[in-house]
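Taken together, the values in this text are just the output of simple stated rules run on the coordinates, not laboratory data. The structure displayed is predicted, hence computed values, not measured ones. Positions of Cβ are generated from backbone atoms using ideal geometry, with glycine treated the same way; all protein chains shown enter the neighbour counts.
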Amino acid sequence: MKIIGVIPARFGSKRFVGKPLASINGKPMIQWVYEKASKSKYLDRVIVATDDMRIMRVVWNFGGEAMLTSRTLKSGTDRVAEVCKKMAAEIVVNIQGDEPLILARTIDQVILAMKKDNRLLMATAATPIRNLPGDDSQNIVKVVTDRFENALYFSRCDVPFHRNNRGFKGYLQHLGLYAYRSNFLLKLAKWKQTPLELSESLEQLRALERGIRIKVVRVHQPALGVDTKEDLEKVKKLL
């Protein structure tokens, strides 16, 4: 079974232009993510999928592999799917390029979920959080699951709303990591965006709205991606 990891990395982020090349303690962020992913026990290959030659050159300079993708693609999922078309892999893992705190064991746990269940088309990860920051809570994607750890819903709202605390064990923060069967990923990229996806601006809802089961693997790792320059400073301290 061939398994590849793809790291989508776009230069022109609206909130943080050139984010993949931002320096973190002497190394560009994309290198941190690449090196963490390369420690996975199950990934046969790690590829950066980018729309910009500046990112390509940086990846080549630190010895990584990169592929140039179209600038017209609307999402990281589309970028990963474009790489998938050119690769003979059974499972493709989408590893966010702005998650320098990602752990190899987190990647491996999500892959294991796919390996254990041949019927599973898609899996992701989440980590427990006890307290949500007030005004910034919408920037944290929450997920609620059924008793079998399949996703019921992803939201930027605080879900579940707990009218009382009976049975409530804390929120789950979704981590931007996905594993797909390659043939399913190619279908997903072709499907039109759905109403809930557009409303929440969350790509994974496209699959849920079409009745696709998404396995949620609970992990324990720092849940801080880099969306802003303020996030970058926090990550520098943690690394």
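The table below gives the values:
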{"read-out": "Which listed pairs, of Lys190/Lys229; Lys116/Lys215; Lys27/Lys74; Lys115/Lys192, have C-alpha distances above 22 Å, in listed order", "value": "Lys190/Lys229; Lys27/Lys74; Lys115/Lys192"}
{"read-out": "Order by protection proxy (mean Cβ within 10 Å, highest first), peptides 89-96, 221-228", "value": "89-96, 221-228"}
{"read-out": "Kirkwood hydrodynamic radius over Cα pairs of the stretch 108-199, then Stokes diffusion coefficient at 4 °C and 1.567 mPa s, in µm²/s", "value": "87 µm²/s"}
{"read-out": "Fraction of antiparallel bridges per DSSP, the chain only, in percent to nearest 5", "value": "55 percent"}
{"read-out": "Sum of side-chain charges, Leu68 neighbourhood, beta-carbon under 15 Å (Lys, Arg +1; Asp, Glu -1)", "value": "+2"}
{"read-out": "Ranked list, fewest to most other Cβ atoms within 10 Å of each Cβ, for His174, His220", "value": "His220, His174"}
{"read-out": "Charge tally in the Cβ shell below 14 Å around Val92, where Lys, Arg are +1 and Asp, Glu are -1, Val92 excluded", "value": "+4"}
{"read-out": "Length-normalised contact order of the stretch 3-238 in % [C-alpha pairs under 8 Å, at least 6 apart]", "value": "23 percent"}
